[in-house]
Amino acid sequence: MLKVGVLISGRGSNLKALIDAAAQPGFPAEIACVISNKASAEGLKYAEEAQVPAHVINHKAFAEREDFDRAINAVLQAHGVQLICLAGFMRLHTPWFVNEWHDRLVNIHPTLLPAFPGLHVHEAVIKSGTRFSGATVFFVRNGTDDGPIINQAVLPVLADDTPDTLAARILRLEHQIYPQAVRLIAEGRVNIHEDKCFIADHVASDAFIVNPPLS
Ligand code: GRF
C-alpha cells in the first residue's frame, strides 16, 4: 500500500474523494495523514470522520517559508508518506521541498494544463472563448502548474456557464481523476521520461467530442 499524505487549506472535496477511493477494497494506496495550514479548513472534518491523523501547521508561525516546509516534511516523514497529494493547498512550496519530493509530489488543477495555469482560471477560460476546459493531475515542479501531466479530463464550456457553474462541473471530474492518478502511481504504471509521463498498459481511446455538437 502506497502511503499518501494530503495537504489542504480549505473545503477538502478532493481530500474526501481520495479518502473514499482509499476505502474501496483493492485500492492500492492509503491516506496516511492530512496536513492543513489553516485550523479553519473545512476539509479537516473528512480526516476526522475517516480517523485519518490530521495536523494543522500554521504557516504564519514560521519566519521563513523553508522552515514551514521543513515542519511539513517532518510530519510527512513521521507518517512514512511516500506520495504527497496537494488538494487545494494554497501555499507555494520552496524549491528545497519540491526537489526533496521530486516525482513524489502531485497536484490537481481545474483547467487543461498547460492552458490557464494560476488563479482565477474559470473567469479566464470563459473570457477566452475556448470551447473546452477540464482538470489535470500533474507532478509538481518549481514553475507554476507546469509539471509532467499524469491524467486529464475534458468537458465542454457551455454558452451560459458562469465561473461558478463551470467550476462545479469540473470539480466532479477532479473527484474522478485524482483517485485514478493515485491508483496509477501506486500501481507503478506512471513512468517519467524526459519530464513527461508515460502510462503503462494504457488503452488508448480515439473518442472525441465536438462543441457545439455536430448535429
Ligand atoms: C480544486 O478546484 C483544485 O483543482 C484546486 O483547488 C480546488 C480545491 O478544492 N487546486 P477542494 O478543497 O478539494 O474542494
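The values are calculated or read from the model by the stated rules, or taken from the named source; none is laboratory data. Keep in mind the model is a prediction, meaning the values are calculated, not measured. Note that we place each Cβ from the backbone using ideal geometry, even for glycine, and neighbour counts take in every protein chain shown.
Residue-by-condition table, conditions (1) in contact with an Asp or Glu (Cβ under 6 Å, 6 or more places away or on another chain); (2) without any contact (Cβ under 8 Å) to a residue 40 or more places away in the chain; (3) over 22 Å from I177 (Cα atoms):
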| position | (1), (2), (3) |
| --- | --- |
| A29 | no, no, no |
| K38 | no, yes, yes |
| H59 | no, yes, yes |
| N73 | no, yes, yes |
| G80 | no, no, yes |
| L83 | no, no, no |
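Would you point out the residue of region 80-97, among those that are more than 16 Å from the ligand (Cβ to nearest atom) and surrounded by fewer than 19 Cβ atoms within 10 Å (Cβ to Cβ), that is nearest to P148 (Cα to Cα)?
Per the criteria, the residue is P95.
Would region 171-191 turn up any residue that is surrounded by fewer than 18 Cβ atoms within 10 Å (Cβ to Cβ), assigned to a strand (DSSP E or B) and touching a residue at least 12 places away in the same chain (Cβ under 8 Å)?
No, that holds for no residue.
Here is a yes/no grid of residues against (1) under 21 Å from L15 (Cα atoms); (2) touching a strand residue (DSSP E or B) at 6+ places or on another chain (Cβ under 7 Å); (3) more than 16 Å from the ligand (Cβ to nearest atom):
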{"position": "T111", "(1), (2), (3)": "yes, yes, no"}
{"position": "I126", "(1), (2), (3)": "no, no, no"}
{"position": "G134", "(1), (2), (3)": "yes, yes, no"}
{"position": "A153", "(1), (2), (3)": "yes, yes, no"}
{"position": "R189", "(1), (2), (3)": "no, yes, yes"}
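How many residues does region 11-34 contain that are away from the ligand (no atom under 16 Å from the Cβ) and in a loop (DSSP other than H, G, I, E, B)?
As a first pass, look at region 11-34 and keep what is away from the ligand (no atom under 16 Å from the Cβ): 23-30, 32-33.
Then drop every residue that is not in a loop (DSSP other than H, G, I, E, B), which leaves 23-28.
Qualifying residue count for the region: 6.
Is there a residue in region 165-179 that is away from the ligand (no atom under 15 Å from the Cβ), modelled with pLDDT of 95 or more and under 19 Å from the mean Cα position of the chain (by Cα)?
no
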